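The values are calculated or read from the model by the stated rules, or taken from the named source; none is laboratory data. Because the structure is predicted, anything quoted here is derived from the model rather than measured. With ideal geometry, Cβ positions are generated from the backbone for all residues, glycine too; neighbour counts draw on all protein chains shown. Ligands, DNA and RNA are stripped out before the accessible areas are found, and what is left, the full protein with its side chains, is counted by its heavy atoms. Shrake-Rupley method; radii C 1.70, N 1.55, O 1.52, S 1.80 Å.
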Amino acid sequence: MHDYQPAKFAAIEGRWHDEQPASEVLLAIPDSASETNKYAISVPVLGSLIGSMSLHSKEVGLTDFPRANRPPVVIPFFTSE
């Protein structure tokens, strides 16, 4: 999914903005209105390792995609945990 559906992968990861290296959000409340995660608990660098098997890779955030092309965030984020 990382390579073929990057917007969906960003929604599952709860990643709003590009990060290099990317952190892995373990727990948060995604807020689509402000394009942030409330009360986020994350592990630095783990998102890059999971997404690209690299400690230094850049991971794409949802804000790179037009709003019309973004998947919903809340359901994919909480069901993938």
Counting only residues that are outside any loop (DSSP other than H, G, I, E, B) and of a type in the set (D, E, K, R), which one in the stretch 21-37 is least open to solvent (accessible area, probe 1.4 Å)?
GLU24
Restricted to the stretch 1-20, and to residues that are in a loop (DSSP other than H, G, I, E, B) and modelled with pLDDT under 95, which residue is most open to solvent (accessible area, probe 1.4 Å)?
TYR4
For the stretch 43-81, how many residues meet the condition of being surrounded by 11 or more Cβ atoms within 10 Å (Cβ to Cβ), of a type in the set (Ser, Thr, Tyr) and part of a helix (DSSP H, G or I)?
3
Being closer than 21 Å to THR79 by Cβ, among the small types (Gly, Ala, Ser) and open to solvent by 40 Å² or more (accessible area, probe 1.4 Å): is that true of ALA40 here?
yes
Which one of the conditions (1) more than 11 Å from the chain's Cα centre (by Cα); (2) within 18 Å of SER57 (Cβ to Cβ) does GLU24 fail to meet, given that it meets all the rest?
(1)
